[in-house]
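The values are calculated or read from the model by the stated rules, or taken from the named source; none is laboratory data. Treat the numbers as computed from the prediction; the structure is a model and nothing was measured. Every residue, glycine among them, receives a Cβ derived from its backbone with ideal geometry; neighbour counts consider all protein chains shown. Please note that ligands, DNA and RNA were not included when accessible areas were found on the heavy atoms of the full protein model with its side chains. Shrake-Rupley method; radii C 1.70, N 1.55, O 1.52, S 1.80 Å.
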Amino acid sequence: MDLTFSAAEEAFRADLRSWLAGSVPAAWREPGFWAGVPDDEGFELRREWERRKFDAGFAGIDWPTEYGGRGGTPGMKAIYDEELALARAPGTVNPLGLAFLAPTIMAIGTDEQKREIIRPLLRCDVIWCQGFSEPDAGSDLAALRTSGVADGDDIVVNGQKVWTTNAGHGDRIFTMVRTEPGSQRHRGLSMLLLDMHQDGVEVRPLRQMSGATEFGEVFFTDARVPARECLGGLGNGWATAMLLLSFERGASGISQYTAFRKSYDEIVRAARALGRDTDPVLRQELGRRMVELECLRYHAMHVLTQVERGADLGAESSMTKLQWSETYQDLFETFDDLLGADAAVSTPVAGLDVSALQSEGFWTRSVTIWGGSSQVQRNIVAERVLGLPR
C-alpha cells in the first residue's frame, strides 16, 4: 500500500485547492446552507457550478481528453474527491451519468453515442437518471416488466420505474426494458437511452423522511425511443447492466472518509455545546467511530494503490461498499445517541442548530440498502473473495 502521491499529483492538488478557494462561495461552506435552499434552486446552483468546473478544467479528472476530461491519474481523481469534500463544495447533480453511463459508453457505445452523449453529460448540459428498479423488481432486477415493442425505427415503451434518483430534473434516462415479448428473467432485456421530455413520460416525486424529493416514480405510456438509442445492442441488456454496475465501487473511499471525518468533527462540536463531551459512554463511542474512520482511510489508500497498479478489484469492491456504508451509519447512530429523541425532530436542539446533521442522519439509514444491501455484499465477499460455499 502506497500512502503517498506523486509530485505531479501534489501539484495538481495545489492548483485545485487554489481554484476552489476562490470559487466556492463562503455561504456554501456553512454546514446548514444547502438545507435552507429550495430543491429546484439548489439544483440549478449546483448545475451551474458543474459547468464552471468544466470550463476551468476540473471535470472528468481521469477521463480521456478526447471526451472533455483532464486525462489524469487515479491518484488525481482521489485528490479531487478529497479536496472537494474539504472545501465543502456541493456534490454533483449528475452522479449516475458520471459514475455509470459515461464509462459504459466509453467502453461499448457507438461512435455516435460517444460523440453526442459524453461531453454534454460531463458539463451537466444533459442530466441523466437511471431506470432500473420497479415496484416488483428491486433487488431482483431480472423480474422487471417494463416493455419495449418495435415500431418502425422506434421502440415504444410502457411500464413503471420507481426510486429513480433525479427523476424530477432528468433530461434523459438509461433504462432497462424487456424488448422480447415472452422472454423470462435475464433474457430479452435491452438498455435504452430515452428522452424524458416527451408526452409519454410522467414523473411523480417521492418525498423522503428528511423532506427531500430526490427520488421519483417514472411512468411510460407509449413513450418512444429510436432503436439506435440502445446501449450494448438489443437483447443484450443484462450484460450491459452488469458492465455498467461494475463501475459503481471501483474507486477508493477517500472522498467518503474526508466527508465523514468532517461530519465527525461537527458531531464532536455538538457534544461539547450540549455539555456531553465528558460523558464516558459517549466518549467511548466517539473513540470507536474514530477507529472505524481511520480503518476506512487505510482501506481507501489500499484500494487506490491497487487501482493505480491496474488491478481488477472485482468482488473485492464489495468490501469497500460494506466498510464505508456501515462506518457512515455507525457514525450517525452515535449522533442519535447524543441527541436522543431530538435526533428525529428537524428543529434546533437546546439553541443549537443541528439540522444539517439531522438531515444527513436520515440519509444514512439508506446507505446499507442502495447499491447492493449489506447482506448481499457479505454473500459476495463470502463466496467470491473467501471462497466459502453458497
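Entry note, the chain: relative contact order of 14 percent, from Cα contacts under 8 Å with a spacing of 6+ residues. When you filter the trypsin sites (Lys or Arg not before Pro) in the range 102-163 for DSSP loop state and at most 14 other Cβ atoms inside 10 Å of their Cβ, you are left with R145. Rg and Dmax, both from the Cα atoms of the range 220-332 and both in Å, are 20.6, 65. Excluding same-chain neighbours fewer than eight residues apart, the lysines reachable from K77 by a Cα-Cα span under 23 Å are K53, K114, K262, K321.
Dipole magnitude for the chain: about 580 debye, using +1 per Lys or Arg Cβ and -1 per Asp or Glu Cβ, origin at the Cα centre. Close amide H pairs (under 5 Å, H built 1.01 Å from N) link E30 with no residue at least 5 positions away or on another chain.
Share of carbon and sulfur in the accessible area of the chain stands at 51%, probe radius 1.4 Å. Between the residues Q329, G36, L193, the greatest Cα displacement towards the positive end of the dipole of the chain, with unit charges on the Cβ of Lys, Arg, Asp and Glu, is found for Q329.
Ordering G235, P205, V177 by Cα displacement along the dipole of the chain toward the positive end leaves G235 in first place; charges were set at the Cβ atoms of Lys, Arg (+1) and Asp, Glu (-1). Built from the Cα atoms of the range 40-95, the convex hull projects on average onto 3.9 nm², one quarter of its surface area. Quick one: what does P(r) look like for the chain with 20 Å bins over all Cα pairs, in whole %? Answer for the chain: a P(r) of 25, 59, 16, 0 percent.
In Å², what does the accessible area per residue of the chain work out to with a 1.4 Å probe?
47
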